[in-house]
Structure formats: structure tokens, C-alpha cells
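Here is the structure we will look at.
The values are calculated or read from the model by the stated rules, or taken from the named source; none is laboratory data. Everything numeric in this text was worked out from a predicted model, so none of it was measured. FYI the Cβ positions are ideal-geometry reconstructions off the backbone, even for glycines, and counts take in every protein chain you see. Calculation scope for accessible area: heavy atoms of the full protein, side chains included, ligands and nucleic acids excluded. Shrake-Rupley method; radii C 1.70, N 1.55, O 1.52, S 1.80 Å.
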Amino acid sequence: MIDVIVAGGGPTGMMLASELRLHGVQALVLEKDAEPTPVVRSLGLHARSIEVMDQRGLLDRFLALGKQYPVGGFFAGIAKPSPERLDTAHAYVLGILQTVTDRLLTEHAIEVGAEVRRGCELVGLSQDDYGVTAELADGTQLRSRYLVGCDGGRSTVRKVLGVGFPGESSTVDTLLGEMVVAADPETVNAVNAEVRKTQLRFGAMPLGDGVYRVGVPAEGVAEDRSVSPSFEEFKRQLQVTAGTDLGVHSPRWLSRFGNATRQAERYRTGRVLLAGDAAHVHPPMGGQGLNLGIQDAFNLGWKLAAEVNGWAPEGLLDSYHTERHPVAADVLDNTRAQMELTSLEPGPQAVRRLVSQLMDFEDVNRYLTEKIIAIGIRYDFGEGHELLGKRLRDIALKQGRLYELMHSGRGLLLDQTGQLSVADWADRIDHVVDTSKDLEAPAVLLRPDGHVAWAGENQADLLGQIQRWFGAPAN
Ligand SMILES: Cc1cc2nc3c(=O)[nH]c(=O)nc-3n(C[C@H](O)[C@H](O)[C@H](O)COP(=O)(O)OP(=O)(O)OC[C@H]3O[C@@H](n4cnc5c(N)ncnc54)[C@H](O)[C@@H]3O)c2cc1C
């Protein structure tokens, strides 16, 4: 019996496997592709994902291979300066190709002991009171206590479960690829500027050495987007859209994506859960999908581990849906709004001008920016301290930085009073007595995902909340 099977070895699956391993839970990742894909979808990490990497001691690896850019300009592509005083120690966008992110997350998952089986497609599953039986394409059957579908937008797991995926179908497809462009850079710039006046899905972004990332509207909507377009089709669409194929040749890869907006009705069905694109799809406006998937995994990992390790309090695993479903619903909505704002129709264009004017107000700019970079999320833990449910930004302590103390993935009582105790949960929670001028509470209890489970100074009050997240005392 395997503890957890993770179906799908994309960024969500690898992040989840690593989180499970932090708690000693066995994680088997099944990935259908025999080799990592060369297709580059995401181009970067936003602040909350950067924080997540910092909380697990992975940030240096990402910083070494990425480039930092100012935050801003990503809400519907409306260019504005970075909002001031963003509530994060990482107020930048980290430009890093998804192929690199995927590789770093995979390497880390393997380092911490996850097993990754490539060329292994899950084709079916069933579950009973004790576990899940996964069926692989080669006829093998595997048995696990839990299974998580991190198998992307066309998720087999979601379909086999019969979980509804309501929303809107794709209305347009876009072709995307990397290729050599023979036309000189001035010509490419001029074509870009001219075509984008009327066609925002067109774009040619230089990657160096004459290679460009080129996007162009497709003809119609494909039945099966997993089939790459041919290079002939790509060149034909370039001609149709730009009036030139820019002399493109030597494609490195070609792909196709749509603009469907859909969300799984439920993230948990018994012992099977959904995370990442398997649970939600939306257009890539603002660059949020991969970030959202990583943050799903960060929310789910410790809860599922607690379930496997036998100390999860009632309702902990269900709180994954309760907390993360509304977050993705909000992302779907902001991408819908952004899509409207990129329409060239007169009405949406007028609304775009209005939103642009509103974004000159610092608070509006910050509000929209924080939506995308996901640092403003507050889970609903009920009434209480103003920090309750929020994630805490990294702060300086006398003995170092807060995020440095979170690498183990355990809970953390950060105690400025020195009067509190979590001794009966010492196997799950670290107790750090320290002070910080940046901590606006006498003490905070942080969950493994950095969200504030309790804030205050009273031991009885702390004991009243602790079991909700960390279960019964060990002794
Ligand atoms: C053009 C484009 C640009 C984007 N830009 C950004 C961006 O800038 N920022 C951002 O945050 N997001 C961006 N995204 C979205 C991002 O790429 C996805 O949200 C992200 O890859 C989702 O990660 P995932 O692990 O959930 O799913 P995936 O990355 O799709 O991984 C799923 C994995 O499961 C495997 N799999 C599928 N079926 C099975 C099966 N039956 N058995 C076993 N394995 C299976 C697949 O081979 C795949 O490896 C972009 C998307 C597109 C299309």
C-alpha cells in the first residue's frame, strides 16, 4: 500500500510530492510523458510563489536561474508603476521559464525522497473505504491510501471521478512556438507594433540568437489541443494575421492553447483529490495558473500528510476545498475581467480606459496587483485578530528570518511573550521565542503553509484553537 499516488508530474504534482515527503509520507508520482516537455508555458513566479520557495529553502535555486522584474503591468497588460509598500519581502516578479521551474521542482522532489515514474499513464481508478486502486496504461494496478490528480486541464482523474467542470468552453485558440526568425529585429518590431493594434494574441518575443517565442491566433478551435500544430499551419496563420511569415524556420517546439474558463465542482471525492490545472483552467492573463497550482499543493500537502500520519483533526482535509476553491474562483473571475479589457470593441475599450485611470489611485493599483501576486489571500477562519487567516510576510527576528525557520514544514508558534507553551504538540509544532518589531501580535501560531491559525497572548485561548489545525495533544 503506497501512502499517496500523485497523478501528473507537472509543477503542482512535484510541489505536492515534496510537501508530503517533508512529513515522511511516501509519495509516488506517475507521469505519462517519458521525457520532460520542451514546451514553455509559464514565464514566471509571482510574489506568493516566491515566498513559498523561500519558506522551503528553495529560493536561491530559483533566483540563480531567473531574472527579477518590477511588479506591475500584468493586469490586462495595463502599464502602471509598481504599487508602493507591497506587503511582501519579495516585491518582484521572477522571470523563469516553466521548463526550468518544472526541473527544479522535480529535482527537489526526488532529493527529498519522492519516487517519480515517467512514461506511466493513469487510465482509471476506483476507491473503497481503505484506499484507491489506480490503473495504468500498461495494465498494472497500484494501491494507495490517497490519490491526487495533478494531471492538468484535461485531467483523467477528474473525468473518471465524474466531477463536474462547469464554466465556459474555448472560443479561440492560439498557436505558440519557439523558432528562428529570419527577418531583422527592426522589421519584427514594426510588424509586432502594427499587428497588435488590432490583434492582441499576436506577438513575437526575442529570446536571443535570432530565436523568438511567437504567438499567433489559430484558425478555429481544435478538438484535441494535445496535438501540436504543424509548422505549415503555423506559418499559414502568421501570413493570415501579419501578412508575412517573418521568414520563420527551425521550430524548437509548437503548441496550441485555448481560453476555456472552468473549475471543478469539488476538490475532494473521498480519498481522491484534485489540484492545479486539474481543478481549474483559465486563460493565461496575468500569468497565474502555475502559481495557483503550486499554492494549491502548498495548502494540501501538510493536511494530507496529517491524514496519513493519523493526527489530522476532523475536517482538516476538507478545508483544502473550502479554502482553495474560492481562491481559484476569484482567479477565474479576474481572468474573465482581463479578457474583457483586452477586447478591441468600443465598450470594453472604454472600460479599459476607465480602469486605467482608476489604477492611477495607489490603492486600486495595489488591490489589482495583489490579486495577481496572491499575497492578499485571507482564508476564512472566523472572527478574530486581523492577522487570522492571512499568510505572514517574511520578517526579521533577532535569531534570523521567519521564513528560515519554516523549512521543515512544521507548524510554528512565534512567541514574543515567552509565556506560552505547545509542548504537547512538540512533534508537530516548533516553539520559537523571539521578538520582531514587524510582528503586530504578542504571538502567532502559523500553519505549515504560513497562514496565521491563531494570534494573541493567552495560553487558554491558544489551546482553544490549536486542536482545530494540529489535532489532539501527543500526550
Ligand atoms: C501559453 C501559456 C502561458 C502560461 N503562462 C503562465 C505564466 O506566466 N504563469 C503562470 O503561473 N501560469 C502560466 N500558464 C499556466 C501554467 O502553464 C499551468 O497552469 C501549469 O502548468 C499547471 O500546472 P499543473 O502541474 O497543474 O499541470 P500541468 O503543467 O499541465 O502538468 C500536468 C502533468 O500531468 C501529466 N499527465 C496528464 N495526464 C496524465 C495521466 N493520465 N497520467 C499521468 N500523468 C498525466 C502531464 O503529462 C503533465 O506533465 C500558462 C499557460 C499557457 C498555455
Quiz item: Does G153 qualify as being within 16 Å of the ligand (Cβ to nearest atom), at pLDDT 95 or above and over 23 Å from L292 (Cβ atoms)?
Solution: no
Quiz item: Inside the stretch 253-284, can you point out the residues that are near the ligand (Cβ under 10 Å from one of its atoms), open to solvent by 10 Å² or more (accessible area, probe 1.4 Å) and of a type outside the set (D, E, K, R)?
Solution: S255, F257, G258, N259, V281, H282, P284
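Specify the residue that is farthest from V4 (Cα to Cα); the eligible residues are those in the stretch 84-140 that are acidic (D, E) and either within 9 Å of the ligand (Cβ to nearest atom) or under 22 Å from the mean Cα position of the chain (by Cα) (or both).
Looking only at the stretch 84-140, we keep the residues that are acidic (D, E), and these are 84, 87, 102, 107, 111, 115, 121, 128-129, 135, 138.
Then keep just the ones that are either within 9 Å of the ligand (Cβ to nearest atom) or under 22 Å from the mean Cα position of the chain (by Cα) (or both); that gives 87, 102, 107, 111, 115, 121.
On the way: D87: 35, D102: 20, E107: 19, E111: 17, E115: 11, E121: 16 Å.
So the residue we want is D87.
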Quiz item: What are the residues in the stretch 423-437 that are in a loop (DSSP other than H, G, I, E, B), in contact with a strand residue (DSSP E or B) (Cβ under 9 Å, 6 or more places away or on another chain) and free of Cβ contacts under 8 Å to residues at least 60 places away in the same chain, if any?
Solution: D434, T435, S436, K437
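Go through the stretch 56-106 and give me each residue that's polar (S, T, N, Q), farther than 21 Å from R41 by Cβ and open to solvent by 20 Å² or more (accessible area, probe 1.4 Å).
Filtering the stretch 56-106 for residues polar (S, T, N, Q) gives 68, 82, 88, 98-99, 101, 106.
Still in the running and farther than 21 Å from R41 by Cβ: 82, 88.
Residue satisfying the conditions is S82 alone.
Can you find even one residue in the stretch 18-25 that is touching a Phe, Trp or Tyr at 6+ places or on another chain (Cβ under 6 Å) and more than 30 Å from L439 (Cα to Cα)?
no
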Quiz prompt | Those residues of the stretch 207-226 which are part of a loop (DSSP other than H, G, I, E, B), within 14 Å of the ligand (Cβ to nearest atom) and open to solvent by 20 Å² or more (accessible area, probe 1.4 Å), in sequence order | solution = A222, D224, R225, S226
Practice problem: Check the stretch 184-197 and report whether any residue there is among the β-branched types (V, I, T) and outside any helix (DSSP H, G or I). | Solution: no
Exercise. Please find, within the stretch 28-42, the residue that is nearest to the chain's Cα centre (by Cα) out of those that are surrounded by fewer than 18 Cβ atoms within 10 Å (Cβ to Cβ) and hydrophobic (A, V, I, L, M, F, W, C).
Key: V39
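Only one residue in A134, A91 is in contact with a helix residue (DSSP H, G or I) (Cβ under 8 Å, 6 or more places away or on another chain) and at pLDDT 95 or above. Which one? Walk me through how you get there before you give the answer.
Numbers: A134 fails: in contact with a helix residue (DSSP H, G or I) (Cβ under 8 Å, 6 or more places away or on another chain).
None of the others qualify; the one that does is A91.
Of the residues N299, N334, which is in contact with a helix residue (DSSP H, G or I) (Cβ under 9 Å, 6 or more places away or on another chain), within 23 Å of F74 (Cα to Cα) and of a type outside the set (V, I, T)? Can you show your working first?
On the way: N299 fails: within 23 Å of F74 (Cα to Cα).
Residue meeting the stated conditions: N334.
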